[in-house]
Amino acid sequence: MRIHDYRATVTWTGNTGSGTTSYGSYGRDHEVRAPNRPPILGSSDPDFRGDPSRYSPEELLVSAVSACHMLWYLHLCATSGLNVTAYLDEALGEMTEHPDGSGEFRRVTLRPRVELAAPGDLDLARELHRKAHRLCFIARSLNFEVLCQPEVIIRAGAGR
C-alpha cells in the first residue's frame with residue numbers, strides 16, 4: 001500500500017482592519033495554495049456573508065467529487081477502447097443547515113454528459129461510470145451519498 005500526502009495552505013485575507021471584533025467586522029476571503037500552483041480565491045457561501053465572486057468550500061467539495069469521477073472515467077474509457085471526445089458534468093451538492101448553524105452534505109449528484117467519437121458499446125460506457133464511482137478516491141472518502149446519473153451520446157455524424 002502506498003501513502004500519498006497532499007498539502008494545501010489556506011490563508012485568511014479578510015481582515016478589514018479590526019480583525020474579528022464582531023461577526024460583521026471581517027471578510028470571509030481567503031486563498032488556497034498548493035506548491036507550484038496558482039492560488040484559488042475562496043470565501044464563504046454568500047448566504048454566510050461570503051463573496052459571490054469567489055469559490056466556497058462547498059463548491060470546491062462538489063467539484064472535487066466531480067473531477068475525481070471524471071478522471072477515473074476517462075482513464076477507464078481510454079484503457080477500454082472507448083474514445084470520449086467531450087465530457088461535461090453539472091454536479092449538484094445538497095447540504096442541510098441546522099438551526100444551530102451546523103450542517104452536513106446530504107448528497108452529491110453527478111450528471112456527466114459524455115460524448116463518444118464513434119458508435120460503441122453504450123452498455124460498456126455506462127458500466128465504466130459505475131466502475132469509476134467505485135474507484136473514485138474522493139467519493140469513497142465521503143460519509144454521504146454520491147449519485148451518478150450519466151448521459152452517453154454519440155457525436156453527430158460519427159460512424160457514417
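The values are calculated or read from the model by the stated rules, or taken from the named source; none is laboratory data. Just so it is clear, the model here is predicted, and its values are computed rather than measured. Methodologically, a virtual Cβ is constructed for each residue, glycine included, from the backbone with ideal geometry; neighbour enumeration extends over all protein chains shown.
The set of residues from segment 46-59 being surrounded by 13 or more Cβ atoms within 10 Å (Cβ to Cβ) and under 20 Å from the mean Cα position of the chain (by Cα) comprises Pro46, Gly50, Asp51, Arg54, Tyr55, Ser56, Pro57, Glu58, Glu59.
Yes/no matrix, rows are residues, columns are (1) touching a helix residue (DSSP H, G or I) at 6+ places or on another chain (Cβ under 8 Å); (2) outside the structural domain of Glu90 (by TED's automatic domain parsing); (3) of a type in the set (D, E, K, R):
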residue	(1), (2), (3)
Ile3	no, yes, no
Ser44	yes, yes, no
Ser66	no, no, no
His69	yes, no, no
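Close Cβ contacts (under 7 Å, 6 or more residues apart or on different chains) running from residues in segment 131-160 that are in the same structural domain as His69 (by TED's automatic domain parsing) and farther than 18 Å from Pro112 by Cβ to residues that are at pLDDT 90 or above and among the hydrophobic types (A, V, I, L, M, F, W, C) comprise Phe144/Phe105.
So is Thr11 free of Cβ contacts under 8 Å to residues at least 24 places away in the same chain, of a type in the set (S, T, N, Q), under 20 Å from Pro57 (Cβ atoms) and in contact with an Asp or Glu (Cβ under 6 Å, 6 or more places away or on another chain) or not? Steps first, answer last, please.
Values: free of Cβ contacts under 8 Å to residues at least 24 places away in the same chain: yes; of a type in the set (S, T, N, Q): yes; under 20 Å from Pro57 (Cβ atoms): yes; in contact with an Asp or Glu (Cβ under 6 Å, 6 or more places away or on another chain): yes.
Against the criterion (free of Cβ contacts under 8 Å to residues at least 24 places away in the same chain, of a type in the set (S, T, N, Q), under 20 Å from Pro57 (Cβ atoms) and in contact with an Asp or Glu (Cβ under 6 Å, 6 or more places away or on another chain)), Thr11 qualifies.
The residue that is nearest to Thr85 (Cα to Cα), counting only those in segment 19-60 that are of a type in the set (D, E, K, R) and part of a helix (DSSP H, G or I), is Glu59. The listed residues are His4, His30, and the only one of them that is surrounded by 16 or more Cβ atoms within 10 Å (Cβ to Cβ), more than 30 Å from Ala117 (Cα to Cα) and free of Cβ contacts under 8 Å to residues at least 24 places away in the same chain turns out to be His30. Looking only at segment 61-116, filter to residues that are in contact (Cβ under 8 Å) with a residue 40 or more places away in the chain and part of a loop (DSSP other than H, G, I, E, B); which one of those is farthest from Ser141 (Cα to Cα)? Top of the filtered list is Leu82. Looking across segment 67-96, the residues that are among the hydrophobic types (A, V, I, L, M, F, W, C) and over 17 Å from the mean Cα position of the chain (by Cα) come down to Leu76, Cys77, Ala78, Leu82, Val84, Ala86.
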